[in-house]
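J.: Following this message is one structure expressed as structure tokens.
What follows draws every value from the coordinates through simple rules; no lab data is involved. This one's a predicted model, so the numbers in the text were calculated from it and none came from an experiment. Cβ atoms come from the backbone with ideal geometry, glycine included; neighbour counts cover every protein chain shown.
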Amino acid sequence: MAKLLNTALAALALGGLAISAPAVAQYKQKISNNPAKCRGSGPAVKVTISGVKASSGTVRVQSYRGTKADWLKKGRWLSRIEVPAKAGTMSFCMPVPSNGTYGIAVRHDVNGNRKTDIFSDGGGMSNNPSINVFNLGKPSYKKTAFQVRGVKSISIRMRYR
């Protein structure tokens, strides 16, 4: 009987630990562009992208946590919206998990081949940091991070070679 009681107490204790453990971050969520999500209380980022050079290929917008561990790391994006490109200005609503620090990266795959073509594809990031040969197009998370409280509006200028 004592052994059964100890086993039951151990199972209850383990179950309690599982319930109180923090939720695991959700990465790689492919979502649709839903402007209505930016009309509420958030948390979300309203992203306006200017300078899209052609109505060909796709534009991809990805959100990241604004931390060294996550920013532009493979597989560490939170959400992705991918739509056909439209020359000029495009707007997106990117919901985020909670108020906090985030970064946004945008890529225009001009020919839609799902590969980075350095001489034709474009890109941009939150806070529009300068991109040069020394940072290889990957500025620090410190230069791209911004705070979200409710719905945050940002503007990103596309850059092409």
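J.: Between S155 and R76, take the C-beta separation as r, use R0 = 25 Å, and let me know the FRET efficiency to the nearest 0.05.
T.: Rounded to the nearest 0.05, the efficiency is 0.55.
J.: Within the range 82-111, whose backbone N sits under 11 Å from a point 7 Å along Cα→Cβ of S32?
T.: none
J.: On to the next question. Could you list log10 I(q)/I(0) for the range 33-161 at q = 0.15, 0.18 Å⁻¹, which the Debye formula gives when each Cα is one point scatterer?
T.: With no solvent term, the Cα-only Debye profile gives -0.65, -0.95.
J.: F119 versus Q147, label points 7 Å from Cα toward the beta carbon: distance in nm?
T.: 4.6 nm
J.: Could you sort out which of K53/K152; K74/K138; K68/K115; K28/K138; K28/K86 sit more than 22 Å apart by Cα distance in this structure?
T.: Long pairs (Cα-Cα over 22 Å): K53/K152; K68/K115; K28/K86.
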